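The values are calculated or read from the model by the stated rules, or taken from the named source; none is laboratory data. Everything quoted here is computed from the prediction, not taken from an experiment. Ideal geometry is used to build each Cβ from the backbone, glycine not excepted, and the neighbour counts take in all protein chains shown. Side chains included, ligands, DNA and RNA excluded: accessible areas come from the protein's heavy atoms. Shrake-Rupley method; radii C 1.70, N 1.55, O 1.52, S 1.80 Å.
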Amino acid sequence: GENVEQHPSTLSVQEGDSAVIKCTYSDSASNYFPWYKQELGKGPQLIIDIRSNVGEKKDQRIAVTLNKTAKHFSLHITETQPEDSAVYFCAAAGNFNKFYFGSGTKLNVKP
Amino acid sequence: DTGVSQDPRHKITKRGQNVTFRCDPISEHNRLYWYRQTLGQGPEFLTYFQNEAQLEKSRLLSDRFSAERPKGSFSTLEIQRTEQGDSAMYLCASSSIVSTDTQYFGPGTRLTVL
């Protein structure tokens, strides 16, 4: 089955700096890669996604890049704000859109 | 659009008891997923429905677990003879027939087995 690895497990940045979270996947058949933000006690919230026919996607301060050859994808958050502090999960979609999640990155944005 | 809802939000039970959780997907979403999330980990897939048909079950879903979606709308997840290892957050997600990739998650049910 699919195996998704996510790094780093924790990330601390100063407000206004950029944050980058990286994920790798193993199954070349995976073709959909969402990123979720999870705040304490809440369910994951979709923040951005990318499909395998696209190399990069941007939505305001958030961007995602995908390298299919190397089987890795990354989340970039620019101009970080304290409200960006949360746990971020990457995922890769297998059969029937069954998601395989990374282990999460706890982002702390210091004011 | 009221989002995915789950009930209860928290459940504390004693080992050996049965528990049942409910998930109401976004209206007219035909796909419904159950995931389990333990502390410090990402969600793990448990099972998936398309309308009322349960199409796939993970090996994580032992015979003590059963899920139903009788009318293709809400779903229930039952755990029989709970064990301490069942303590986790149980998440439900749904997706539409138009955009099957995008899954929207509910707030989860936090289960604690004493």
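Picking from A:TYR32, A:TYR25, which residue would you name as being within 24 Å of B:PHE105 (Cα to Cα), modelled with pLDDT under 95 and surrounded by 13 or more Cβ atoms within 10 Å (Cβ to Cβ)? That would be A:TYR32, the only listed residue that is within 24 Å of B:PHE105 (Cα to Cα), modelled with pLDDT under 95 and surrounded by 13 or more Cβ atoms within 10 Å (Cβ to Cβ). For region B:46-60, enumerate the residues that are farther than 17 Å from B:PHE74 by Cβ and either among the acidic types (Asp, Glu) or not in a strand (DSSP E or B) (or both). Within region B:46-60, B:GLU56, B:SER58, B:ARG59, B:LEU60 qualify.
Could you list, in sequence order, all residues of region B:95-114 that are away from chain A (no Cβ under 11 Å) and not in a loop (DSSP other than H, G, I, E, B)?
Quick first cut of region B:95-114, residues away from chain A (no Cβ under 11 Å) only: B:96-98, B:111-114.
Across region B:95-114, the qualifying residues are B:LEU111, B:THR112, B:VAL113.
Quick grid of which residues meet (1) within 14 Å of chain A (Cβ to nearest Cβ); (2) of a type in the set (D, E, K, R); (3) closer than 17 Å to A:PRO44 by Cβ:
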| residue | (1), (2), (3) |
| --- | --- |
| B:GLN41 | yes, no, yes |
| B:ALA53 | yes, no, no |
| B:LEU77 | no, no, no |
| B:GLN84 | no, no, no |
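Restricting region A:64-84 to residues that are free of Cβ contacts under 8 Å to residues at least 40 places away in the same chain and within 14 Å of the chain's Cα centre (by Cα), the residue that is nearest to A:VAL109 (Cα to Cα) is A:VAL64. Of note, B:LEU32 satisfies the criterion of being buried (at least 17 other Cβ atoms within 10 Å of the Cβ), assigned to a strand (DSSP E or B) and out of contact with any Leu (no Cβ under 9 Å at 6 or more places or on another chain).
Could you say which residue among A:ALA63, A:ALA93 is at pLDDT 95 or above and of a type in the set (Gly, Ala, Ser)?
Working: A:ALA93 fails: at pLDDT 95 or above.
Every option except A:ALA63 fails the conditions.
So, B:GLU78, is that one in a strand (DSSP E or B), closer than 21 Å to B:PRO107 by Cβ and of a type outside the set (Val, Ile, Thr) or not? Answer is yes for this residue.
Applying the selection to region A:21-31, what residues are within 11 Å of another protein chain (Cβ to nearest Cβ) and over 12 Å from the mean Cα position of the chain (by Cα)? Within region A:21-31, just A:ASN31 meets the criteria.
Among the residues of region B:43-52, none qualifies, meaning not one is among the polar types (S, T, N, Q), open to solvent by 30 Å² or more (accessible area, probe 1.4 Å) and touching a residue at least 60 places away in the same chain (Cβ under 8 Å).
Evaluated against (1) of a type outside the set (D, E, K, R); (2) in contact with a Phe, Trp or Tyr (Cβ under 9 Å, 6 or more places away or on another chain); (3) open to solvent by less than 30 Å² (accessible area, probe 1.4 Å), A:ALA86 falls short on exactly one condition, (2). Looking only at region A:35-54, decide whether some residue is open to solvent by less than 80 Å² (accessible area, probe 1.4 Å), in contact (Cβ under 8 Å) with a residue 24 or more places away in the chain, small (Gly, Ala, Ser) and within 16 Å of A:ALA91 (Cα to Cα). Among the residues of region A:35-54, not one is open to solvent by less than 80 Å² (accessible area, probe 1.4 Å), in contact (Cβ under 8 Å) with a residue 24 or more places away in the chain, small (Gly, Ala, Ser) and within 16 Å of A:ALA91 (Cα to Cα), which makes the answer no.
For region B:53-78, a residue qualifies if it is within 30 Å of A:LYS106 (Cα to Cα) and open to solvent by less than 10 Å² (accessible area, probe 1.4 Å), and exactly one does: B:LEU77.
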